[in-house]
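Structure first, commentary second.
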Amino acid sequence: MKTLLDADYIVRDERPVVRLFYKQDDERVIEEVADFEPYFYALSSVDINVLAEKVKALENVTKVETKTMTDIKGEVEVLRINTKIPGNVAELRVKVASLQECREVREADIPFSRRYLIDSQLSPMENAENIGLTIASLDIECLSEGGAMDADKNPIIMVSYADNKGLNRVWTCKKTAFKAEWLEVLEGEKTMIEKLVQTIGERNIDLIVSYNGDNFDFPYIEDRAKKFGVKVDVGIDGEEVKTERRGMNMGARVKGRPHVDLYPVCRQTFNLPRYQLEDVYLHIFKEEKRDIDTGKMREYWDDEKKFPELAEYSLSDAVSTLKIAERVLPLQYELCRVIREPIYENSRMSSSQRVERLLMNKAFEKNVVVPNRPSDDESGERYQEPFEGAYVLEPLKGIHDNIVLFDFRSLYPSIIISHNVDPSTIDCKCCKKEEAHIAPNNHYFCKKKKGFIPGVLEWLVKKRGEMKDEFKKEADSQKKAILNVKQQALKLLGNSMYGYYAFVRARWYSRDCAEAIAAWGREYIQKTIDEARKTGFEVVYGDTDSIFITKPGEQDKKKIESDAKEFVRKVNEKLPEAMELEFEGFYPRGIFITKKRYALTDEKGLLTVKGLETKRRDWAEIAKDTQNKVLHAILHDRNPEKAAEIVKQVVKDIKEGRVKLKDLAIYTQMTRGMGEYLVDGPHIQAAKKAMKQGMNFKQGSIITYVITKKGDSISDQAKVIDFVEEGDYDADYYIGHQVIPAVLRILEALGYSEQELRGLGKQMSLEDW
DNA sequence: GCGGACTGCTTACCT
DNA sequence: ACAGGTAAGCAGTCCGCG
């Protein structure tokens, strides 16, 4: 049994050698492939043989052959141009492209080891679960003075390590009397780094995980190691870890022993207000992780009594990182297998990159020549040409009883499949418009030849169906879990296809296709809404692919549900085969505030909230929690007086200074670089003040701030939480701008007028908001 | 000089 | 750095007001 963990290439005797890093049984092996040459394609503007002759005369060309492939507009003759080493491609493609006879160069920007994986059709991480990978997590602590981390000055004081074969270690250089079986006191920083490297090697680690290792632990270790002349040669063949630029961020790459930074993975996998290790751990395991105030690192380090706390915290970082890895890696493995990408790359890819990678694999299988990536100018132009998206029905605002929710199962993917939406089938020559799939946007799609992307989608849907069937049949819970992850991965890829068509940097971008899909979507939901109304339902709300209905005058819940199910059956009879309207659920009560903002209770009293403040990271916990309680009181307990009582108490707590800072914190992401803001909102002004005191924020950082007492405007009052004392908060702001607006929206929708609320306000002693 | 109306910028959500 | 549709807050400006 073997599993492919990593791939790269080296140049030996002026020939490229692809290296495949496997774990085979219990051994680590490197397979070398020496007979694979880099190549790319050229399309000709004249007779392909004329171009071929010209190309043959160019330097470093080893082989030229003509081939028929499928392009967007149909079959094309292409020239496959082989060259000696990958390093030649950049120069050669320019020479070829500048030949008069050359129309276009294709597939010249695919990295060589990726090219090999596409052509060999090898899947990384096959058998990963069965082979028993040895996974290690690592984490460092360093002694920083006042916020800023500077690898030049501040030493590493602790390295913690945990692996899934039972070894837990904290290596430190403090001469301490504290003893623990996992604590090992070493001479100094240099020895600690050496110990880490040595342990990874000795324990034959297959996969290294970290939390923010790309941007912190590895670059830091590298810098410190350099100081001591130590090599961080943790790679399988003794290569050192290399931090490389990957778009806007860094990636710490370890050859053959993939390093997965769980921070980007978690940011993509979960939707949370913040993504510190503690937050993610709490979210997944519903359990607080040990934490310390890292601002007081010096104290923990110097004080012998406090030191054990630091050591335990450090160990818990490594241990919880490993636990998180075990939770999130299965989906990563699965994505690796489907898109045939090694895990180092896959774990740092965006969903559009994954879709594109899958399409490139399928293109190879189906003899399709891959379109080029657009230039910056081209994607800029595409960006200037937006199109109409989904339909959203204005909700009937207020409370509704006995709501039935329907939605179209995978609306966009099913439209793409049903109507064969593809850049190669749009307005085809082989069908008359009337005989084709006519889209609501003045285009039509071929009915004779299946498009490339609908074909790939169909494959994803079919595979997913198989996984779901096997899931149902499987009894073993571990195997069930794997099957479930498999279907999840396929679903993720399928659901990204529409967005990919509309993504301006996509190779297979097609505004016309995206627009047609959205237009069809609008047509299906609008027709369904009309049909529901004709059938005697009231349509309370609908968004894109979902419809909320009630049946006025009908009290019998069973009757409502059965009528609704009958309606679904009727609609489905008329829909294309791949499309389906699904009965999603029955809700005894719901409140609709505006488009995209509503709340429902199911029969067990479980609350579903969408879009309201409760769901937003940029509202304080005190406001979100109060809104949530008010919703529960109204929807489930049906008791507005209770709601009023809750608000009254919270307002009192705020006024009397009893609220903790963590409940007042507002989280807001910095979505661009500091210099790019035209208007500095509260989070930016708070961040700027904090940066003067040594803190660091960059694009993507989530800023945690509180509105304090002092200042001329809200932004002026905003301060990063680390610099705020307990009790220093603007009570009027939290009452008037947080709690009251959040609950008022609910009470207003209940039918209270503004005046009544002010009256109620007096009762509730809210008179001064 | 003040407050309400309005606009533009910004964010995070929904599907 | 997958899409468009949407609500909403804050900062700043405009406008009316003897």
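Extension gain for A:E474-A:E580 works out to 35.5 nm (0.36 nm per residue, less the C-alpha to C-alpha distance).
Across segment A:490-622, the fraction of Cα-Cα pairs farther apart than 22 Å, rounded to a whole number, is 53%.
Modelled label positions at A:T68 and A:K175, each set 7 Å beyond Cα in the direction of Cβ, lie 8.3 nm from each other. Farthest toward the positive end of the dipole of chain A, out of A:A519, A:V319, A:A252, is the Cα of A:A519, where the dipole comes from beta carbon charges about the Cα centre. Charges were assigned to the Cβ only: +1 to each Lys and Arg, -1 to each Asp and Glu. The resulting dipole of segment A:181-300 about its Cα centre is roughly 400 debye. Which of rounded, prolate, oblate describes chain A, given a ≥ b ≥ c as roots of the alpha-carbon gyration tensor eigenvalues and a/c under 1.5 marking rounded, otherwise prolate only if a/b is larger than b/c? It is oblate, given that a/c is not under 1.5 and a/b is not larger than b/c.
Stretched out straight at 0.36 nm per residue, the stretch from A:K227 to A:N130 would grow longer than its current Cα-Cα span by 30.8 nm.
Which whole-number percentage describes the relative contact order of segment A:97-196, with Cα contacts under 8 Å and a sequence gap of 6 or more? Reported as a whole number, the value is 17 percent. Return the FRET efficiency for the residue pair A:R245, A:E365: r is the Cβ-Cβ distance, R0 is 25 Å, and the value is rounded to the nearest 0.05. Using R0 = 25 Å, I get an efficiency of 0.20.
Note that chain A presents 47 Å² accessible area per residue, ligands and nucleic acids not counted, probe 1.4 Å.
With N denoting the number of residues in segment A:1-64, provide Rg(C-alpha) divided by 2.2 N^0.38 Å, to two decimal places. For segment A:1-64, the normalised Cα radius of gyration comes out at 1.67. For the cross-link pairs A:K231/A:K255; A:K610/A:K688; A:K629/A:K662; A:K557/A:K629; A:K67/A:K432, which exceed 23 Å when the distance is taken from alpha carbon to alpha carbon? The answer is A:K610/A:K688; A:K557/A:K629; A:K67/A:K432. For segment A:208-256, the square roots a ≥ b ≥ c of the C-alpha gyration tensor eigenvalues yield an a/c of 1.5 or more together with a/b not exceeding b/c, which makes the shape oblate. For segment A:110-157, trypsin sites (Lys or Arg not before Pro) meeting the loop criterion (DSSP other than H, G, I, E, B) and having at most 11 other Cβ atoms within 10 Å: A:K153. Along the axis of the charge dipole computed for chain A (Cβ charges of +1 for Lys and Arg, -1 for Asp and Glu, origin at the Cα centre), the listed residues A:L606, A:V78, A:L99 are led at the positive end by A:V78. For chain A, relative contact order (Cα pairs under 8 Å, six or more residues apart, normalised by length) works out to 10 percent. Annotation for segment A:223-318: chymotrypsin sites (Phe, Trp or Tyr not before Pro) lying in DSSP loop with at most 15 further Cβ atoms inside 10 Å of their Cβ are A:F270. Considering only the Cα atoms of segment A:621-680, their convex hull presents on average a projected area of 6.1 nm².
Label-to-label distance, A:K565 versus A:D377, with points set 7 angstrom from Cα along the beta-carbon direction: 6.1 nm. Once C-alpha pairs closer than 8 Å and six or more residues apart are averaged by separation and normalised to the residue number of segment A:565-614, the relative contact order reads 23 percent. When only the Cβ of Lys, Arg, Asp and Glu is charged (+1, +1, -1, -1), the dipole of chain A relative to its Cα centre reaches about 1160 debye. The equivalent ellipsoid that matches the C-alpha gyration tensor of segment A:426-535 spans semi-axes of 32, 20, 14 angstrom, in descending order. Note on A:F285 and A:S350: the model spin-label points, each 7 Å out from Cα along the C-beta direction, lie 3.3 nm apart. Magnitude of the charge dipole for segment A:158-198, about its Cα centre and with charges confined to Cβ atoms of Lys, Arg (+1) and Asp, Glu (-1), is about 100 debye. The Cα atoms of segment A:635-723 give a gyration tensor whose axes a ≥ b ≥ c have a/c of 1.5 or more with a/b greater than b/c, which makes the shape prolate. Principal axis analysis of the Cα atoms in segment A:265-390 yields extents of 67, 34, 29 Å, listed in decreasing size. Length gained on full extension, A:V50 to A:R12, computed as 0.36 nm times the residue gap minus the Cα-Cα distance: 10.3 nm. For segment A:346-438, chymotrypsin sites (Phe, Trp or Tyr not before Pro) are listed when DSSP marks them as loop and at most 14 other Cβ atoms sit within 10 Å of their Cβ; the list is A:F387.
Amide hydrogen proximity for A:C142: with H placed 1.01 Å from N in the peptide plane, the residues at 5 or more positions away or on another chain lying under 5 Å are A:I157. Segment A:597-674 and segment A:121-186 have their alpha-carbon centroids 39 Å apart. Between A:W182, A:F452, A:S113, the Cα set farthest toward the positive side of the dipole of chain A (charges on each charged residue's Cβ, about the Cα centre) is that of A:F452.
Using the beta-carbon distance between A:E309 and A:K688 and R0 = 35 Å, what value does 1/(1 + (r/R0)^6) give for FRET efficiency, to the nearest 0.05? Computed FRET efficiency for A:E309 and A:K688 comes out at 0.55.
The values are calculated or read from the model by the stated rules, or taken from the named source; none is laboratory data. Treat the numbers as computed from the prediction; the structure is a model and nothing was measured. So basically every Cβ, Gly included, is an ideal-geometry build from the backbone, and we count neighbours across all protein chains shown. For accessibility, only protein heavy atoms count, side chains too; no ligands or nucleic acids. Shrake-Rupley method; radii C 1.70, N 1.55, O 1.52, S 1.80 Å.
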